[in-house]
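Beneath this line is the structure, given in structure tokens, with notes to follow.
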There are 2 protein chains.
Amino acid sequence: MKLTILGCYSATPRTFTNPTAQVLEIRNHLFLIDCGEGTQVQLRKYKVKFSRIKHIFISHLHGDHFFGLPGLISTFRLLGRESELHIYGPKGIKQAITLFLKLGDSWTNYPLIFHELENKSSELIFEDETVSVQTIPLDHRVYTNGFLFAEKPQARKLDIEAVSKFKIDRSQFNNIKNGADGVQENGTIIRNTRLTLDPPKVKSYAFCSDTAYNEAILPLIENVDLLYHESTFLESEAHLGTKTKHATAAQAAEIAHKAKVGKLILGHYSTRYKSIDLFKEEASRVFEAVELADDGKSFEV
Amino acid sequence: MKLTILGCYSATPRTFTNPTAQVLEIRNHLFLIDCGEGTQVQLRKYKVKFSRIKHIFISHLHGDHFFGLPGLISTFRLLGRESELHIYGPKGIKQAITLFLKLGDSWTNYPLIFHELENKSSELIFEDETVSVQTIPLDHRVYTNGFLFAEKPQARKLDIEAVSKFKIDRSQFNNIKNGADGVQENGTIIRNTRLTLDPPKVKSYAFCSDTAYNEAILPLIENVDLLYHESTFLESEAHLGTKTKHATAAQAAEIAHKAKVGKLILGHYSTRYKSIDLFKEEASRVFEAVELADDGKSFEV
């Protein structure tokens, strides 16, 4: 699982800072999360293959999280895309994007499929054999969802040494991978767990932006390997966080601590501060395993 | 009069090329012309003061000419803008922009005034004491206007040496500046033209993008000092120009030649060519005073 930050600053795009966008590589998927203005340029810069993006998740309809979407969709068209593109985002997103494309008589040649969200409780919005995605309802000024990306447990792996040692016939291998016990030629049963290895530990990533401090998300994000939690402000500006429904670095760390996550990544920084290191300093007093998002930076689990 | 190119490449924004946007400084105005994705970042890069932009002219509703507009409008709000912003563009632009802002519950605190265009003939869309702006109907796949920016003649200037020589009383100066003749103490009339100097020559700029070769625009752009005419293709791809209603460099030069303009600026290049110098080569065989637009480049008249 690999997370690449394309942009992680709040509010407006600047020459060297970009609004929110991330790509998450998980199993064979490449998910785009949020799409601020300039995201398509960032995708090129970090050499993300456009055709691999099949699902885009939009947290909320503030400009710094979705104003790059009409341009990206249009560019896919210009590049001759044919495969489906699925967009998950708050109700209203379909009408807005559709209107922008229709005005330019630039409807896509590929299927553009909107999945509009309006549920205030967490819901499963994507699932296949390898991965599931569910919403994390957040507390912001407008309807906002974070997203929980989780690998599904893989089948147990055949222990080649064990099946050889116990002289299990090859014809049983598929059944054993699916959980069956093995049977030796003499009829002796060998337990499945002696013939197989544990599958790789499943990994999970929770994206939580934008949001005020909100303990209601704890049950959903408990024990995730990686948590991105916005920290627009430092504690010195906590009053602005309360007013605009954003979190401070200390609050993000408090959530990470209570949810016992593997690692916390901070982002969505206000550009008022002279260094983003201040966010790490503040958070690490509450939760040790903290790192700073920055445009172009990757995190692997 | 000074024109700064913020972006002049067709289709999609890339790391080092930007879609169409320009700022024109004319008298005390700073007009923004088109607003492709990333325009606000380009404005910062070239240190254009955001508050000086009071009028934005959008040629047509293809993404590479207006997808930067919602972001720019939102940024103006975040920066605490209070003064009016006027937006001139094809019918539909108001609904689209309004919808994007409403979805994010991010309506502007400053007055946002749309002037929607749908006339297929040229019309005067802005005028004050110093400058006028009129549309140049273009021939593209969707409803498109170019814009003709023209200074108005200033009042004649008082010739200080002449009024002193003819001993014209100071009380007549204002009338003379407004065209009146002078009268000496003995009653002798001195013609206005002997007491005043010609005002500076008026300057004009015609922006023509996107468009197929279209001689119908000639009467409107005749003798302009500066003509920006799109040249998406070279003659070798003229068939693509015909199909997509774009011009070639040779066609842009033909228009410049027939309109007897002072200088032609080429732009809106397709990124298929290995060098934009090819556009200048092709155009200069037809019209000598040709220059290449490029992101960040300025032209003064």
Practice problem: Write down the percent of antiparallel bridges among all DSSP beta bridges whose residues are both part of segment A:73-138, to the nearest 5. | Solution: 35 percent
Quiz item: Which value results when the Cα radius of gyration for segment B:1-154 is divided by 2.2 N^0.38 Å?
Solution: 0.99
Practice problem: Return the inverse of the average 1/r over all pairs of distinct C-alpha atoms in the protein assembly as shown, which is the Kirkwood hydrodynamic radius, in Å to one decimal. | Solution: 27.5 Å
Quiz item: Out of residues 5 or more away from B:GLU291 or on other chains, whose amide H comes under 5 Å of its own, with H placed 1.01 Å from N in the peptide plane?
Solution: B:LEU264, B:ILE265, B:LEU266
Exercise. For segment A:150-163, just list the computed ³J(HN,Hα) in residue order, Karplus coefficients 6.51, -1.76 and 1.60, θ = phi - 60°, integers in Hz, with x standing in for Gly and Pro.
Key: 9, 5, 9, x, 7, 5, 4, 9, 5, 8, 4, 5, 5, 5
Quiz item: Which ordering of A:THR15, B:THR39, B:THR211 is given by a fewest-first count of other beta-carbon atoms within 10 Å?
Solution: A:THR15, B:THR211, B:THR39
Practice problem: Considering the convex hull of the alpha carbon atoms of chain B, report its projected area averaged over all viewing directions, in nm², one decimal. | Solution: 18.5 nm²
Practice problem: Scan around B:LEU197 for amide H atoms under 5 Å from its own, H built in the peptide plane at 1.01 Å from N, and keep only partners 5 or more places away or cross-chain. | Solution: B:LYS157, B:LEU158, B:ASP159
Self-check item: Cβ-based exposure ranking for B:SER236, B:SER74, in which fewest neighbours within 10 Å come first
Solution: B:SER236, B:SER74
Practice problem: Rank the residues A:VAL41, A:VAL261, A:VAL202, B:VAL48 as a footprinting-exposure proxy: fewest other Cβ atoms within 10 Å of their Cβ go first. | Solution: A:VAL202, B:VAL48, A:VAL261, A:VAL41
Quiz prompt | Nonlocal amide H pairs with A:ILE87, under 5 Å, H built at 1.01 Å | solution = A:ILE56, A:ILE113, A:PHE114, A:HIS115
Practice problem: Compare the Cα positions of A:ILE113, A:GLN95, A:LEU124 along the charge dipole of segment A:67-126 (+1 at Cβ of Lys, Arg; -1 at Cβ of Asp, Glu; about the Cα centre) and return the one farthest towards the positive end. | Solution: A:GLN95
Quiz item: What percent do you get for the relative contact order of segment B:157-197 when only Cα pairs under 8 Å and 6+ apart count?
Solution: 47 percent
Practice problem: Convert each backbone phi in segment A:29-35 into a coupling constant with the Karplus relation 6.51 cos²θ - 1.76 cosθ + 1.60 (shift: θ = phi - 60°), then list the ³J(HN,Hα) values in order as whole Hz, x for Gly and Pro. | Solution: 8, 10, 9, 9, 10, 6, 7
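Just the projected area, averaged over all directions, of the convex hull on the alpha carbon atoms of segment A:103-193: how many nm²?
Approximately 11.5 nm², given one-decimal rounding.
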Practice problem: Please report, in debye to the nearest 20, how large the charge dipole of segment A:10-122 is about its Cα centre when each Lys and Arg carries +1 at its beta carbon and each Asp and Glu carries -1 there. | Solution: 300 debye
Practice problem: Kindly write out, for segment A:218-229 in residue order, the coupling ³J(HN,Hα) from the Karplus curve 6.51 cos²θ - 1.76 cosθ + 1.60 (θ = phi - 60°), rounded to whole Hz, with x marking Gly and Pro. | Solution: 3, x, 6, 9, 3, 6, 4, 5, 9, 10, 8, 10
Exercise. Would you list which lysines come within 28 Å of B:LYS177, measuring only between C-alpha atoms, while excluding same-chain residues fewer than 8 positions from it?
Key: B:LYS2, B:LYS152, B:LYS157, B:LYS165, B:LYS167, B:LYS201, B:LYS203
Quiz item: Given that compact globular proteins tend to follow 2.2 N^0.38 Å, what is the ratio of the alpha-carbon Rg of segment A:157-197 to that value?
Solution: 0.95
Exercise. List the relative contact order of chain B as a percent without decimals, with contacts defined as Cα pairs under 8 Å and 6+ residues apart.
Key: 16 percent
Practice problem: For chain A, set up a Gaussian network in which alpha carbons nearer than 10 Å are linked by springs, and say which option among A:THR242, A:THR12, A:THR193 fluctuates the most. | Solution: A:THR193
Quiz prompt | Kyte-Doolittle mean at least 1.6, axial Cα span of 27 Å or more - DSSP H helices of chain B | solution = none
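Readers should treat all values here as calculations from the given coordinates under stated rules, not as data from a laboratory. The structure displayed is predicted, hence computed values, not measured ones. All Cβ positions, glycine included, derive from the backbone under ideal geometry; neighbour counts span all protein chains shown.
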